[in-house]
Amino acid sequence: MATAATGAGGTGSGGPATGPVGGGGTAVSRKKDGGPSSKFWEGSETVSQLETVRLWIGKHYKKYVQNDSPSSKSLAGLVVQLLQFQEDAFGRRVNNPALTKLPTKSFLDFKAGGALCHILGSVYKFKSEQGWRRFDLQNPSRMDRNVEMFLNVEKTLVQ
C-alpha cells in the first residue's frame, strides 16, 4: 500500500510531505506537453503559499478585486488556466505565436510584491477594465482579448 501511494506522488504515510515542494519534488515534475501541473498548483502547500500573494493583491489591487475577492484556491486555479492558455497560444506547438511565453519562474515567485503578484494583479485589473464577469481562457472567440491581456501582463512585469 505504501509503495502505491509513493509511486502516485504521495508520501506513503499519510503524514506531511517532506522537502520544500512536497513528495520529494514529484509534484513538480514537468509534463511532456508543456502544460501546468495542476497537482502542484492545487496542492495544499502551494495554496498556502498563495495566501501571501492573495493578501498583496487585496492591498495593492483592491479596486479591482473588492467585488470578487479571490481565495488562495481560486488563485491557484487561475494560475493553472493562465499557464495552460500561454502554452496553447504561445507554446512550442504553435506556428507564429503572437507573444513569447512568460518565464515559468515568474509564476513561481510567491513573495509579496513578486512577479506572481504583479501577474495576477494585472490580470484582475484587465478583467475589471474590460468589464468581464469571469476569466474565459478556453474560449477561442476570446483569443485576441486574452492575448491582449498577456501583453498587458508583460508590460507590467517590465516596468
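The values are calculated or read from the model by the stated rules, or taken from the named source; none is laboratory data. These figures come from a predicted structure and were not determined experimentally. So basically every Cβ, Gly included, is an ideal-geometry build from the backbone, and we count neighbours across all protein chains shown. Surface areas here come from the heavy atoms of the whole protein model, side chains and all, with no ligands, DNA or RNA. Shrake-Rupley method; radii C 1.70, N 1.55, O 1.52, S 1.80 Å.
Taking every protein chain into account, the accessible area of region 39-101 amounts to 58 square angstrom per residue (probe 1.4 Å). Using a probe of 1.4 Å, the accessible surface attributed to Val65 totals some 10 Å² when neighbouring protein chains are kept in position.
A probe of 1.4 angstrom, applied to the heavy atoms of all protein chains, finds Lys125 with accessible area near 70 square angstrom. Surface calculation, 1.4 Å probe, protein heavy atoms: Asp109 sits at approximately 30 Å² accessible. Give the residues of region 44-81 whose amide nitrogen is closer than 13 Å to a point set 7 Å from the Cα of Arg134 in the direction of its Cβ. From region 44-81, the list is 78.
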